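The values are calculated or read from the model by the stated rules, or taken from the named source; none is laboratory data. Being a predicted model, the structure only gives us computed values, none of them experimental. FYI the Cβ positions are ideal-geometry reconstructions off the backbone, even for glycines, and counts take in every protein chain you see.
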Amino acid sequence: MNAVSAKAKALRLRQLHEGPEPLLLANVWDVASARIVEQLGFKALATTSAGIANLLGYPDGENIAAKEMLEWVGRIVRAIELPVTADLEAGYDLGDVNTLVTEMIAIGAVGLNIEDANHATRSLLDVKTQAERVATIREVASSLDVPVVINARTDAYLLDTVKDQDRFPIATERARAYRQAGADCIFVPGLRDIDIIKELLRATPGPINILAGPGSPSVAQLARVGVRRISLGSSPHRAALGLLRAIGQELIGTGTYDQLSRFVIPYDEVNRLIAG
């Protein structure tokens, strides 16, 4: 992708965080899922790191190398026309976020998730250090003249090592620090309480990404309180696996094909979808 088109896509992705409706992201994990989501009329695509890792034979949690993740994200980017934001977890094995962002832009992705948790220790990274990493990402992207959208994730509501009474103040502190460092949006997976979401938006004005799914407030409810970005994470990938399991259970159980009849996409349609 040339610098002009990358910049245009980055600006488009940025604009989608400004309304009037929240940006909806049904996260994808391969070219076929990306094509389906694009065909449905979504305005941007987000990858799921867990879905891609699982597809390539890794459990989630930064067990995949950055090179493999970026290669797979690149396949998705090249297959579609929409802006793509990549889930890059906590930066993988590169250590140097300069390299991570440079290579991400080189494959054509124009946004990223960057999280603040250590998967091995299940603890939050130092807030000052993480804010500095966010600032570095912004500096590198600016030097390449591609205004990538930084979705700075905090796991304050996700980790079981964080006490319940500490979650809100930690999330608030980190949201403020990451915004000041140059983050465009704050991602708070695990936060589902609509009243707490409103409090967080009052405490740290700006775009917030809520990880939605069963048990979450509806899109309409989240939009009313000012949530600007709603994503599904790895749940579409896991739902697809659940459907495969249901098909298999029916096959060895009753020997029937009802699940296939309900959901199968015709062979020729899939070929046309992939061919573009």
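Return the residues of region 20-36 that are surrounded by fewer than 21 Cβ atoms within 10 Å (Cβ to Cβ) and either without any contact (Cβ under 8 Å) to a residue 12 or more places away in the chain or under 14 Å from Asn209 (Cβ atoms) (or both); say none if nothing qualifies. Scanning region 20-36 gives Pro20, Leu24, Ala26.
Exactly one residue among Ala120, Ala106 is out of contact with any strand residue (DSSP E or B) (no Cβ under 9 Å at 6 or more places or on another chain) and at pLDDT 95 or above, and that residue is Ala106. Scanning region 59-90 for residues being in a helix (DSSP H, G or I), closer than 28 Å to Arg122 by Cβ and among the hydrophobic types (A, V, I, L, M, F, W, C) gives a total of 5.
Tallying residues that are small (Gly, Ala, Ser) and either loosely packed, with under 15 Cβ neighbours inside 10 Å or touching an Asp or Glu at 6+ places or on another chain (Cβ under 8 Å) (or both) within region 214-227 yields 4.
Across region 37-65, the number of residues qualifying as under 17 Å from the mean Cα position of the chain (by Cα) and crowded, with 16+ Cβ neighbours inside 10 Å comes to 17. If the condition is being among the basic types (Lys, Arg) and under 19 Å from Ala239 (Cβ atoms), then region 24-79 contributes only Arg35. Residues in region 120-170 that are closer than 17 Å to Glu103 by Cβ and not aliphatic (A, V, I, L, M) were compared, and the one that is surrounded by the most Cβ atoms within 10 Å (Cβ to Cβ) is Arg133.
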